[in-house]
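Participant: The structure follows.
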Amino acid sequence: TDLRPLDILSEVVPAGGPARGMRVFQVQGVRGFQLSASRPRALSFPASRLFIHCDCFPEEFSIIVTLRVLSILAKRNEYVFTLMVEESPSVLVGLRYAPDKLHFLFWSQDRAGGWQTRVTFHNVSLSDNQWHTLVLAVSGQSFSLTVDCGLPKDVVVETPFPASLSVKRASFYLGNRRRRKGVFTGLLRQLVLLPGADATPRICTTMDFKVATLSVPAVLQDLPANPASNEVLKYPYETDTKVTLGSRPPCTKQEKAQFWFNASQRGLYLCNGSAWISMLEARQRLDYVEAYQNLVTNSETMGVEVFTIPKVGLFAATANRYTPPGSAIYKWTDGKFVPYQNIPTYQAQSWKYFTIGKKIFLAVANFEQNDRGQEFSVIYKWSRRKEKFITYQRITTHSARDWEAFVIEGEAFLAVVNHREGNNHNIDSVIYRWNPRTGLFETNQTIPTSGAYDWEFFTIGPYSFLAVANTFNGTSTKIYSHIYIWLSGSFQLFQSILTFGAADWEVFRIGDRVFLAVANSHSYDSGTPAPSNFYAINSSIYELNVTAQMFVKFQDLLTYSALDWEFFSVGDDSFLVVANSFDGFTFSVNSIIYRWQGYEGFVAAHHLPTVGCRDWEAFHTAEGSFLLYSSAKEPLSKVLKLKTT
């Protein structure tokens, strides 16, 4: 049996380019075929071209499809492909979709006659004008559909797929069932039959799940990054490319192949799916860092949050230790931060800015009780009328260290890190879900944590993750921090990583690679001899290994009671800056900017004098690119400007 992939789509494409009735179209940086409804029989070929050694359809197989579906009418069905005998109107094998449904069709026959079996997968949302890759695995009575390498949908039916389905005198029809009605109106990039195997493990080895590839016609393959010559395109194609003006827009897979014109820099940039690549401007490179502004704060600052309120401006919220005077919000005005609003807080540890629809919120993590002996952390809401943040919801917390806001499947969540309750560090941290009916956050799930400092939410393909930095369990800082994955409506343990007083997780991407950096603050264990220095300790960077489905250690970096990582980019270069806070002798410690050097990993590039550095934030304004660091040991934070060449 020949188990090579059988590329149905390539069989329809002549060697010289697309056949009549096919147009190449590029959307979101990905090419696909648009099929014509006028000549459905032209988009066909005899099945014998694929089944050379046998005239039976495989008993077990996978069908791999990459497509982009347009919105279709509620009662309309469109065919991706069919396999039909020339003299019969019956479909031997076929795949069609309707809004929120996918149907797999096959012909069964016994001595009494033949009949059509339809296997339906419900709640399959394809009509969103996005690229999707489907893997349909068939074995006997079991049918499994995987969309974008997500969780499979399994269906078991009474009628098994036939063990010997004859394909004599049969032909494959692309995007139709030999007539104009039900013709596929979207874009088709990949259509492959893989006999004898579930193709999911073979397909889901790349980070770009929505356009995962097993076999694609040459005309649809990406152009080389550096063409060998000035030759014109071998195959003509159309695209919906547009140019965006104004401030830097997001650059994701959805914006791939779109342009952005930066009027202030007079530069034209192309989105490659993850970053803006300069096309008509000299590439910026970080030259050095200079002091820009000394930001006098109400008291020592435990954390800082930089955010932009649309049509209002850029702000920075500092989480200050003492009350009074509490914490402050600063607004970027005339090229610097100026005081804007004071908010009563109680040993505030951090702020989190987030939005739900048109509502704008700012949540503070309070570490201590208020004047009445109550321990609350508070969510504030932006008042457009007053142009201030006003109290919206109080939530009981226990020495809260951090908030994390995120959205899963359209629902908003807010997670708090509870550090300790009295002297007990092994307590629950809480995930709250937004109730749109009441307009309040309500408890959704509790997760046991140990002296935790930080939550970090991130997504990889269709999956959502939440990492917690566990710091101290009452006797040791050498404990496991955990990564949780969202499955069936709750977070479940995905991976545990040994950390040493973990204070922060930072997730970042470089190209298609996903990294997770932990800031280890100190090594202490009451049951073992004290090290020569509790605070000089490696912090680690982990990289996602897609095949192993886990994060594996990529690099160790020597840090000094590290409390925060911040990832940022300048031009095409990527950087990590660490908040070194204490070296065992003094709080006046250099924090370090590391430059990404590819095979070498991250290499120290700049040493920045800091005092009790607690938090870093990177931000951009019309004046340039900046870093802001907060000091937990003096009422002075600093804005540093990144000077580029």
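Participant: What residues qualify as long-range amide H neighbours of TYR480, i.e. H under 5 Å apart, gap of 5 or more or another chain, H built at 1.01 Å from N?
Facilitator: Here THR499 satisfy the definition.
Participant: Please give the FRET efficiency for SER164 paired with GLU634, using the beta carbon to beta carbon distance and R0 = 56 Å, rounded to the nearest 0.05.
Facilitator: Rounded to the nearest 0.05, the efficiency is 0.10.
Participant: Related question: Could you give the nm distance between label points at ASN77 and VAL296, where each point is 7 Å from its Cα heading toward the beta carbon?
Facilitator: The modelled label-to-label distance comes out at 7.6 nm.
Participant: Could I ask something else about it? State the cysteines of the chain left without a partner when partners are defined as other cysteines whose beta carbon lies under 4.7 Å away.
Facilitator: For the chain, the answer is CYS54, CYS56, CYS613, because their Cβ atoms have no other cysteine Cβ under 4.7 Å.
Participant: How high is the relative contact order of region 286-644? Use alpha-carbon pairs under 8 Å, at least six apart in sequence, and give a whole percent. Could you put the intermediate results ahead of the total?
Facilitator: Working: 1034 pairs, mean separation 46.9, N = 359.
Value for region 286-644: 13 percent.
Participant: In the neighborhood of ILE431, defined by Cβ-to-Cβ distances under 14 Å, what is the net charge if each Lys or Arg adds +1 and each Asp or Glu adds -1?
Facilitator: Once all neighbours under 14 Å are counted, the net charge is -4.
Participant: With label points built 7 Å along Cα→Cβ from the Cα atoms of PHE261 and ARG180, find their separation and express it in nm.
Facilitator: 4.2 nm
Participant: Send over a whole-number figure in Å² for the accessible area per residue of region 286-644, probe 1.4 Å.
Facilitator: 42 Å²
Participant: Output the Cα-based Rg and Dmax of region 286-346 in Å, rounding Rg to one decimal and Dmax to a whole number.
Facilitator: Every Cα atom of region 286-346 included, Rg and Dmax give 12.7, 41 Å.
Participant: Which three numbers, in whole Å and largest first, are the semi-axes of the equivalent ellipsoid of region 501-572 derived from its Cα gyration tensor as √(5λ)?
Facilitator: 27, 15, 9
Participant: Percent of alpha carbon pairs in region 14-161 separated by more than 27 Å?
Facilitator: Values: 2977 of 10878 pairs.
Taking all Cα-Cα pairs of region 14-161, the fraction more than 27 Å apart is 27 percent.
Participant: So what are the radius of gyration and Dmax for the Cα set of region 286-644, in Å?
Facilitator: 19.5, 60
Participant: A further question on this structure: Calculated FRET efficiency, THR645 and THR459, Cβ-Cβ r, R0 35 Å, to nearest 0.05?
Facilitator: Once rounded, the FRET efficiency stands at 0.50.
Participant: Let me ask something else. Filter the cross-link list LYS256/LYS388; LYS358/LYS643; LYS359/LYS478; LYS358/LYS638; LYS336/LYS358; LYS101/LYS210 down to pairs whose alpha-carbon distance in this structure exceeds 30 Å.
Facilitator: Check vs 30 Å cut-off fails for LYS256/LYS388; LYS358/LYS643; LYS359/LYS478; LYS358/LYS638.
Participant: Provide the packing ranking of 430-440, 413-423, 399-409, 616-626, i.e. peptides ordered by the mean count of other C-beta atoms within 10 Å per residue, highest first.
Facilitator: 399-409, 413-423, 616-626, 430-440
Participant: Just to compare against my own numbers: the Cα pair-distance distribution for the chain, 20 Å bins, whole % per bin, please.
Facilitator: Bins of 20 Å from zero give 17, 43, 29, 10, 0 percent of pairs.
Participant: Read phi for every residue in region 630-645 and hand back ³J(HN,Hα) as whole Hz from Karplus 6.51 cos²θ - 1.76 cosθ + 1.60, θ = phi - 60°, with x for Gly and Pro.
Facilitator: 9, 10, 8, 10, 8, x, 8, 9, 10, 9, 10, 9, 8, 8, 10, 10
Participant: In percent, how large is the relative contact order of region 528-644, given Cα pairs closer than 8 Å and 6 or more residues apart?
Facilitator: The value is 16 percent.
Participant: Two-decimal Rg/Rh of region 579-645 from alpha-carbon positions, Kirkwood Rh?
Facilitator: 1.02
Participant: Hey, what's the Cα Rg ratio for region 517-622 versus the globular rule of thumb, 2.2 N^0.38 Å?
Facilitator: With N residues counted in region 517-622, Rg over 2.2 N^0.38 Å equals 1.17.
Participant: Right, something else. Kindly list the residues of region 494-529 that lie in the label zone of ASN473, defined by a backbone N under 14 Å from the point 7 Å along the Cα-to-C-beta vector.
Facilitator: 496-502, 524-528
Participant: Taking 0.36 nm per residue of sequence separation and subtracting the Cα-Cα distance, how much length would be gained by fully extending the chain between ARG385 and LEU498, in nm to one decimal?
Facilitator: Separation in residues times 0.36 nm, less the Cα-Cα distance, equals 35.8 nm.
Participant: Hey, another quick one. Simple spin-label model, 7 Å along Cα-to-Cβ: ASP572 to CYS54 in nm?
Facilitator: So the label points at ASP572 and CYS54 sit 4.9 nm apart.
Participant: Taking R0 as 22 Å, what FRET efficiency do you get between ARG433 and ASP128 from their Cβ-Cβ distance, rounded to the nearest 0.05?
Facilitator: 0.35
Participant: Right, here's the next one. What are the principal axis extents of the Cα atoms in region 436-546, in Å, biggest first?
Facilitator: 54, 37, 21
Participant: Ignoring any ligand, DNA or RNA, what whole percent of the accessible area of the chain comes from carbon and sulfur when the probe is 1.4 angstrom?
Facilitator: 49 percent
Participant: With every protein chain left in place, what is the accessible area per residue of region 6-220 in square angstrom, probe 1.4 Å?
Facilitator: 42 Å²
Participant: Once phi is turned into ³J(HN,Hα) by the Karplus curve 6.51 cos²θ - 1.76 cosθ + 1.60 with θ = phi - 60°, what whole-Hz value does each residue of region 77-83 show in order, with x for glycine and proline?
Facilitator: 10, 10, 9, 7, 7, 9, 10
Participant: Could you run the Karplus curve 6.51 cos²θ - 1.76 cosθ + 1.60 with θ = phi - 60° over region 267-274 and give me ³J(HN,Hα) per residue in whole Hz, x for Gly and Pro?
Facilitator: x, 10, 10, 10, 7, 9, x, 9
Participant: Additional query: Got the relative contact order for region 426-524 handy, in percent, Cα pairs under 8 Å and 6 or more residues apart? Working shown, then result.
Facilitator: Numbers: 227 pairs, mean separation 20.1, N = 99.
In percent, rounded to a whole number, it is 20.
Participant: Determine the calculated [θ] at 222 nm for the chain from helices alone, applying -39500 (n - 2.57) to every DSSP H run no shorter than 4 residues and normalising by the residue count; nearest 500 deg cm²/dmol.
Facilitator: Value at 222 nm, helices only: 0 deg cm²/dmol.
Participant: Shifting gears a bit: Using 0.36 nm per residue of separation minus the Cα-Cα distance, give me the extension gain between ASP371 and LEU280 in nm, one decimal.
Facilitator: Gain on extension, ASP371 to LEU280, equals 26.9 nm.
The values are calculated or read from the model by the stated rules, or taken from the named source; none is laboratory data. Being a predicted model, the structure only gives us computed values, none of them experimental. Ideal geometry is used to build each Cβ from the backbone, glycine not excepted, and the neighbour counts take in all protein chains shown. Note: areas computed on protein heavy atoms with side chains; ligands, DNA, RNA excluded. Shrake-Rupley method; radii C 1.70, N 1.55, O 1.52, S 1.80 Å.
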